[in-house]
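Trainee: The structure is given below, and queries will be raised subsequently.
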Amino acid sequence: MEDWRAGGFGLYIHWPFCQSKCPYCDFNSHVAASIDQGRWRDAYLREIARLGAETRGRVLETVFFGGGTPSLMEPEVVGAVLEAVRATWPMVNDPEITLEANPGSVEAGRFRAFREAGVNRVSMGVQALNDDGLRRLGRLHSVAEARQAFDIARNCFDRVSFDLIYARQDQTLADWRVELREALSMAVDHLSMYQLTIEDGTAFGDRFARGGLRGLPDEDVQADMYDATQEICAAHGMPGYEISNHARPGAESRHNLIYWRMGDYIGIGPGAHGRLTLDGQRWATVAPRAPGAWLARVEAGSDGEDPREAISREEQATEYLLMSLRLTEGMDIARHERLAGRPLNAARLRHLAEEGLVTVADGRLKASPTGRVVLNAVLRELLM
Amino acid sequence: MRAMTQLDQIRNFSIVAHIDHGKSTLADRLIQMTGTVAARDMKAQMLDSMDIERERGITIKANTVRIEYPAKDGRTYILNLIDTPGHVDFAYEVSRSMRAVEGSLLVVDASQGVEAQTLANVYQAIDAGHEIVPVLNKIDLPAADPDRVKENIEDVIGLDASDAIPISAKTGLGIPDVLEAIVTRLPAPKGDRDAPLKAMLVDSWYDAYLGVVVMIRVMDGVIRKGDRVKMMQTGAVYGIDKLAVLKPQMVDIAELGPGEIGVLTASIKQVRDTRVGDTITHERKGCDTPLPGFKPAQPVVFCGLFPVDANDFEALRDAIEKLALNDASFSYEMETSAALGFGFRCGFLGLLHLEVIRDRLEREYDLDLITTAPSVVFKLHMKDGEVRDLHNPADMPDLTYIDHIEEPRIKATIMVPDDYLGDILKLCQDRRGIQLNLTYAGSRAMVEYDLPLAEVVFDFYDRLKSVTKGYASFDYQISEYREDHLVKMSILVNEEPVDALSMMVHRDRAEMRGRAMVEKLKELIPRHMFKIPIQAAIGGRVIARETLSAMRKDVTAKCYGGDATRKRKLLDKQKAGKKRMRQFGKVEIPQEAFISALKMDE
């Protein structure tokens with residue numbers, strides 16, 4: 001069996017545009033005055049045809065529209081893309097088709113149309129359930145709008161998830177507990193909760209470098225917040241299945257699981273990454289980041305990709321380790337060993353187990369709850 | 001007859017000045033105004049040839065230049081200038097240069113007055129029997145106060161300054177007066193051309209093309225190219241391959257007579273084969289009595305030099321060997337440290353010498369180095385009567401074998417505006433100093449202190465500069481070894497001793513130093529997945545302790561498809577960075593932590 005099959009096969013479509021750029025965001029998103037959606041639709045279709053030819057016969061399990069703000073796409077464009085997808089690959093009986101959405105009123109008005117186009121799951125960028133928090137994050141919506149949009153989404157889609165950002169400026173542990181309980185009281189089946197990370201090259205990154213952005217919680221408070229999140233979510237029947245993701249059992253994001261279980265995935269659109277196993281060789285694909293450049297390339301009839309990079313088995317082993325240990329289910333030790341060609345350092349593993357940071361049982365290596373909070377250090381220990 | 005005329009038309013001199021008072025600029029002007037170097041070849045500060053010297057504005061090795069000067073009396077004189085180092089570390093080089101000349105120009109900044117270094121060097125000149133001509137430089141500055149500075153020279157040095165020459169080396173003002181004064185006020189050398197050859201070995205250095213170059217001053221007799229000469233101290237005999245004068249580039253010359261200064265090469269392999277102060281004479285019909293000799297300079301400050309990248313060890317060895325060819329005062333031996341790997345324990349004349357050597361190794365040989373805390377040589381008086389030199393705290397034997405420990409003391413002279421006197425006294429007291437003398441010259445105080453050298457090499461100089469905003473000047477000489485209550489302080493990280501961080505300290509100051517060190521290490525060592533005790537200990541007794549708490553959170557919040565490559569590459573990069581980490585038991589200490597912990601200015 002080819003290694004990727006242990007992770008599955010999905011498709012990611014990147015829509016690179018937003019109404020405004022958020023100060024914390026380091027994703028490939030751009031603000032454009034006018035977008036000719038017809039041209040974008042055609043470009044996506046061309047790419048689907050090209051990549052479909054390379055992966056003929058594969059059964060597709062998930063489609064994910066990410067961004068950017070893909071809820072700004074015309075529903076007809078989403079519909080045309082999904083139609084082409086269905087015509088290109090055989091699909092599982094219950095494909096997961098997710099679209100990321102802004103919880104604004106404009107987007108909410110299109111939810112029904114997105115459902116009709118084939119979308120069955122939305123992931124909403126709620127980010128905070130606190131107006132002051134939203135303002136500081138540079139979000140354009142209010143808590144009231146977000147709640148309204150959420151209710152509409154709930155009525156339109158089988159599955160709804162939303163994102164929250166915590167460990168924000170001046171946020172206390174008590175504040176976060178209140179906000180988290182409120183989120184859990186909404187009829188949500190999946191939550192992604194990210195601690196605010198200051199990334200270089202963002203507005204927050206610049207402010208932070210200049211000594212601004214005061215009042216961020218320190219490492220100890222961040223750790224307390226993380227622990228509280230795990231505990232409260234588990235008590236509400238939404239245990240963490242990944243570092244930052246919680247779901248009712250069975251409601252995990254299948255698309256994202258493909259990444260963490262290191263399956264194959266196609267990435268289409270500016271800056272999109274993919275992993276493709278072709279004739280036994282695994283390739284990393286990446287598309288040009290600038291929207292205009294990507295569009296021009298595809299329209300000129302050339303492929304919307306930079307040269308592919310072959311990933312050695314040892315590199316795959318590293319990727320598998322660092323992705324799979326994010327999951328509560330952990331890593332299949334035998335699979336890792338097959339890729340790496342050798343077992344993990346036994347002394348290091350024992351040392352980590354003694355410190356209570358990992359467990360080894362039933363052929364799986366898992367980061368313990370305490371190990372997951374310091375996963376980067378655990379990975380360094382295992383990989384170096 | 002001809003010899004007599006020649007002697008009469010020679011003047012040999014040096015320039016004594018504090019750093020920044022304009023010694024090198026004056027030397028440049030003298031060279032330029034006499035046309036010794038064509039204007040287009042003139043680099044600022046002609047004589048400071050090493051990059052580091054030029055950059056720091058200091059002279060390290062003595063440099064020499066021969067100037068031809070047509071004086072007002074219608075005769076052309078040969079002026080030999082030996083440019084001496086100004087810094088205290090090189091006092092030894094100053095003293096030997098002084099013995100080769102008959103007079104000195106004392107250059108004092110007309111806006112600042114006499115500084116501690118000036119004092120030390122001018123006394124060396126007086127000791128060598130020099131005639132001294134005071135020169136007031138920077139007379140063009142608005143802050144110049146020549147009358148006050150003249151008074152200052154008379155008060156502090158006790159030298160008649162009424163005939164001091166006002167100049168501006170920068171603008172060239174007064175330079176002709178200086179040249180004329182060299183001829184009229186400094187004595188001509190004495191010597192007997194017909195006597196057997198007697199020449200002083202003033203300096204020697206290694207030249208990549210010529211091998212060892214020896215600078216000599218002829219006292220009696222004549223030396224010629226091709227002569228076979230004998231070094232009276234070492235007994236070695238050489239044939240002279242080349243004889244030259246420095247203008248300042250080498251110009252071949254057939255012979256050098258009494259009073260003249262020049263250089264020779266003679267297939268000498270290493271600088272170590274030459275003894276500064278040795279007497280050179282002819283192999284046959286040599287002179288009977290050598291000149292009074294010099295004691296070789298002894299290194300007083302020691303530290304370990306380790307390559308940051310262990311793979312550079314061989315490159316470091318080569319570089320150190322090459323530098324040692326040119327610097328006999330610098331010593332080295334191999335050292336192994338659990339923390340820092342293979343390196344060298346090196347001895348220096350002082351802190352500046354240490355910095356200069358380290359800079360040259362890093363710059364000229366492109367090496368990244370870790371320097372351990374500088375220490376001095378302690379004398380261990382063992383119970384069995386043996387006396388051992390301790391160069392490295394890591395080599396300290398068990399206390400039960402030691403009767404007592406002695407450390408080097410210095411006599412320090414500090415000159416400071418009286419506003420800062422209180423700070424200086426406190427600093428010296430804190431460093432176990434004993435006040436010897438306190439006098440005033442105008443609004444400046446001059447204090448003399450008996451201080452342990454170990455306290456001075458730690459961070460005294462930097463503290464001195466910072467408490468006086470740079471207005472203090474400082475000079476010292478080693479006085480004696482004296483017993484004190486000294487102990488070895490070890491540092492333990494997670495119960496493991498870290499040899500590179502151990503140091504000798506006075507018992508009364510151990511708690512303070514230990515506390516400072518563990519607090520600093522707590523900041524420098526990254527959190528680990530477990531908590532780490534950091535301790536300072538004397539023998540088995542812990543005197544200071546901090547605990548570095550365990551890392552609480554280190555995880556990437558978002559990691560999806562597009563992040564896999566980035567994250568993998570980041571880990572690969574960290575893997576490479578791990579080379580710069582040192583492992584102590586379970587603890588990894590980054591190289592930078594050692595460097596910062598050992599930094600002498602903190």
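The values are calculated or read from the model by the stated rules, or taken from the named source; none is laboratory data. What you see is a predicted model, and the numbers here were worked out from it, not measured in a lab. We place every Cβ from the backbone using ideal geometry, glycine too, and count neighbours over all the protein chains shown. SASA here: full protein model, heavy atoms, side chains in, ligands and nucleic acids out. Shrake-Rupley method; radii C 1.70, N 1.55, O 1.52, S 1.80 Å.
Trainee: Considering only segment A:78-99, state which residues are within 22 Å of the chain's Cα centre (by Cα) and either among the aliphatic types (A, V, I, L, M) or open to solvent by less than 10 Å² (accessible area, probe 1.4 Å) (or both).
Mentor: Those that are within 22 Å of the chain's Cα centre (by Cα) and either among the aliphatic types (A, V, I, L, M) or open to solvent by less than 10 Å² (accessible area, probe 1.4 Å) (or both): A:78, A:81, A:82, A:85, A:91, A:92, A:96, A:97, A:98, A:99.
Trainee: Do we have any residue at all in segment A:184-195 that's over 26 Å from residue A:326 (Cα atoms), open to solvent by less than 60 Å² (accessible area, probe 1.4 Å), over 19 Å from the mean Cα position of the chain (by Cα) and at pLDDT 95 or above?
Mentor: Scanning segment A:184-195 turns up no residue that is over 26 Å from residue A:326 (Cα atoms), open to solvent by less than 60 Å² (accessible area, probe 1.4 Å), over 19 Å from the mean Cα position of the chain (by Cα) and at pLDDT 95 or above.
Trainee: In this structure, does residue B:125 turn out to be in contact with a strand residue (DSSP E or B) (Cβ under 7 Å, 6 or more places away or on another chain), in a helix (DSSP H, G or I) and open to solvent by 10 Å² or more (accessible area, probe 1.4 Å)?
Mentor: no
Trainee: While we're here: Limited to segment A:127-153, what total is found for residues that are among the acidic types (Asp, Glu) and surrounded by 15 or more Cβ atoms within 10 Å (Cβ to Cβ)?
Mentor: Number of matching residues: 1.
Trainee: Also, quick follow-up: Can you report the number of residues in segment A:291-300 which are farther than 30 Å from residue A:320 by Cβ and in contact (Cβ under 8 Å) with a residue 24 or more places away in the chain?
Mentor: 4
Trainee: Right, something else. Do we find a residue being touching a residue at least 24 places away in the same chain (Cβ under 8 Å), within 14 Å of chain B (Cβ to nearest Cβ) and hydrophobic (A, V, I, L, M, F, W, C) anywhere in segment A:26-49?
Mentor: Within segment A:26-49, one or more residues are touching a residue at least 24 places away in the same chain (Cβ under 8 Å), within 14 Å of chain B (Cβ to nearest Cβ) and hydrophobic (A, V, I, L, M, F, W, C).
Trainee: Can you pull out the residues in segment A:356-384 that are among the basic types (Lys, Arg) and either away from every other protein chain (no Cβ under 14 Å) or in contact with a His (Cβ under 7 Å, 6 or more places away or on another chain) (or both)?
Mentor: A:364, A:366
Trainee: A follow-up question, please. Given A:170, A:200, A:175, which one is of a type in the set (D, E, K, R) and in a helix (DSSP H, G or I)?
Mentor: Numbers: A:170 fails: in a helix (DSSP H, G or I); A:200 fails: in a helix (DSSP H, G or I).
Criteria check complete, one pass: A:175.
Trainee: Okay, moving on. Does residue A:369 satisfy the condition of being free of Cβ contacts under 8 Å to residues at least 12 places away in the same chain, closer than 30 Å to residue B:585 by Cβ, in contact with a helix residue (DSSP H, G or I) (Cβ under 8 Å, 6 or more places away or on another chain) and not assigned by TED's automatic domain parsing to the domain that holds residue A:226?
Mentor: Considered against the rule, which asks whether it is free of Cβ contacts under 8 Å to residues at least 12 places away in the same chain, closer than 30 Å to residue B:585 by Cβ, in contact with a helix residue (DSSP H, G or I) (Cβ under 8 Å, 6 or more places away or on another chain) and not assigned by TED's automatic domain parsing to the domain that holds residue A:226, residue A:369 comes out as no.
Trainee: So, in segment B:361-374, of the ones that are surrounded by 16 or more Cβ atoms within 10 Å (Cβ to Cβ) and part of a loop (DSSP other than H, G, I, E, B), which residue ends up nearest to the chain's Cα centre (by Cα)?
Mentor: Out of the qualifying residues, it is B:374.
Trainee: List the residue pairs whose Cβ atoms are under 7 Å apart, where the first residue sits in segment B:377-404 and is closer than 18 Å to residue B:458 by Cα, the second is assigned to a helix (DSSP H, G or I), and the two are 6 or more positions apart or on different chains.
Mentor: B:394/B:499
Condition check ((1) closer than 28 Å to residue B:331 by Cβ; (2) open to solvent by less than 50 Å² (accessible area, probe 1.4 Å); (3) in contact with a Phe, Trp or Tyr (Cβ under 9 Å, 6 or more places away or on another chain)) across all residues:
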site: B:376; (1), (2), (3): yes, yes, yes
site: B:392; (1), (2), (3): yes, yes, yes
site: B:397; (1), (2), (3): yes, yes, no
site: B:408; (1), (2), (3): yes, yes, yes
site: B:414; (1), (2), (3): no, yes, yes
site: B:436; (1), (2), (3): no, no, yes
site: B:464; (1), (2), (3): yes, yes, yes
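Trainee: Let me ask something additional. Does segment A:178-186 contain at least one residue that is within 14 Å of chain B (Cβ to nearest Cβ) and in contact with a helix residue (DSSP H, G or I) (Cβ under 6 Å, 6 or more places away or on another chain)?
Mentor: no
Trainee: Regarding segment B:525-539, can at least one residue be identified that is open to solvent by 40 Å² or more (accessible area, probe 1.4 Å), without any contact (Cβ under 8 Å) to a residue 24 or more places away in the chain and of a type outside the set (Lys, Arg)? Quick ask: steps written out before the conclusion?
Mentor: Taking segment B:525-539 and keeping what is open to solvent by 40 Å² or more (accessible area, probe 1.4 Å), we get B:526-527, B:531, B:539.
With the extra rule that they be without any contact (Cβ under 8 Å) to a residue 24 or more places away in the chain, the set shrinks to B:531.
Remaining after also requiring of a type outside the set (Lys, Arg): none.
No, segment B:525-539 contains no residue that is open to solvent by 40 Å² or more (accessible area, probe 1.4 Å), without any contact (Cβ under 8 Å) to a residue 24 or more places away in the chain and of a type outside the set (Lys, Arg).
Trainee: Further question on the same structure: All but one of (1) buried (at least 20 other Cβ atoms within 10 Å of the Cβ); (2) more than 9 Å from chain B (Cβ to nearest Cβ); (3) within 17 Å of residue A:2 (Cα to Cα) hold for residue A:258; which doesn't?
Mentor: Going through the list (1) buried (at least 20 other Cβ atoms within 10 Å of the Cβ); (2) more than 9 Å from chain B (Cβ to nearest Cβ); (3) within 17 Å of residue A:2 (Cα to Cα), residue A:258 breaks only (2).
Trainee: Out of everything in segment A:310-327 that is open to solvent by 30 Å² or more (accessible area, probe 1.4 Å) and either in contact with a helix residue (DSSP H, G or I) (Cβ under 8 Å, 6 or more places away or on another chain) or aromatic (Phe, Trp, Tyr) (or both), what residue ends up being nearest to the other protein chains (Cβ to nearest Cβ)?
Mentor: Per the stated criteria, the residue is A:315.
Trainee: Still on this structure: Which strands (runs of 3 or more DSSP E) sit wholly inside segment B:491-579 and have at least 2 residues that are over 32 Å from the mean Cα position of the chain (by Cα), more than 14 Å from chain A (Cβ to nearest Cβ) and modelled with pLDDT of 95 or more?
Mentor: Because the criterion is at least 2 residues that are over 32 Å from the mean Cα position of the chain (by Cα), more than 14 Å from chain A (Cβ to nearest Cβ) and modelled with pLDDT of 95 or more, the strands (runs of 3 or more DSSP E) in segment B:491-579 that meet it are B:532-538, B:541-548.
Trainee: Specify the residue that is most open to solvent (accessible area, probe 1.4 Å); the eligible residues are those in segment A:28-64 that are among the acidic types (Asp, Glu) and touching a helix residue (DSSP H, G or I) at 6+ places or on another chain (Cβ under 7 Å).
Mentor: A:61
Trainee: Could you count how many residues in segment A:196-216 are open to solvent by 20 Å² or more (accessible area, probe 1.4 Å), within 14 Å of chain B (Cβ to nearest Cβ) and of a type outside the set (A, V, I, L, M)? If you could, list the steps in order and put the result at the bottom.
Mentor: Going through segment A:196-216, the residues open to solvent by 20 Å² or more (accessible area, probe 1.4 Å) turn out to be A:196-201, A:203, A:206-212, A:214-216.
When the remaining residues are screened for being within 14 Å of chain B (Cβ to nearest Cβ), the result is A:196-201, A:216.
Now narrow it down to the ones that are of a type outside the set (A, V, I, L, M): A:197, A:199-201.
So the answer is 4.
Trainee: Does residue A:352 satisfy the criteria of being at the interface with chain B (Cβ under 10 Å from one of its Cβ atoms) and open to solvent by less than 60 Å² (accessible area, probe 1.4 Å)? Can you show your working first?
Mentor: On the way: at the interface with chain B (Cβ under 10 Å from one of its Cβ atoms): yes; open to solvent by less than 60 Å² (accessible area, probe 1.4 Å): yes.
Criteria met by residue A:352.
Trainee: Which residues, taken from segment A:261-293, are open to solvent by 40 Å² or more (accessible area, probe 1.4 Å) and among the hydrophobic types (A, V, I, L, M, F, W, C)?
Mentor: Initial filter on segment A:261-293 (open to solvent by 40 Å² or more (accessible area, probe 1.4 Å)): A:261, A:273, A:279-281, A:283, A:286, A:289-290, A:292-293.
Once the filter is applied, which keeps residues that are open to solvent by 40 Å² or more (accessible area, probe 1.4 Å) and among the hydrophobic types (A, V, I, L, M, F, W, C), segment A:261-293 yields A:283, A:286, A:290, A:293.
Trainee: Consider residue B:388 carefully, then state whether it is closer than 26 Å to residue B:156 by Cα and basic (Lys, Arg).
Mentor: no
Trainee: Test residue A:140 against the stated conditions and say whether it is farther than 17 Å from residue A:69 by Cβ and among the hydrophobic types (A, V, I, L, M, F, W, C).
Mentor: no
Trainee: Then there is this: For segment B:144-166, enumerate the residues that are in a loop (DSSP other than H, G, I, E, B) and either under 21 Å from residue B:121 (Cα atoms) or acidic (Asp, Glu) (or both).
Mentor: B:145, B:157, B:158, B:159, B:160, B:161, B:162, B:163, B:164
Trainee: Turning to a different aspect of this structure: Looking at B:471, B:476, B:481, which is the one that is within 17 Å of the chain's Cα centre (by Cα), among the aromatic types (Phe, Trp, Tyr) and under 25 Å from residue B:426 (Cα atoms)?
Mentor: Unique residue meeting the criteria: B:476.
Trainee: Would you pick out the residues in segment A:185-238 that are in contact (Cβ under 8 Å) with a residue 60 or more places away in the chain and of a type in the set (A, V, I, L, M)?
Mentor: Within segment A:185-238, A:196, A:198, A:203, A:223 qualify.
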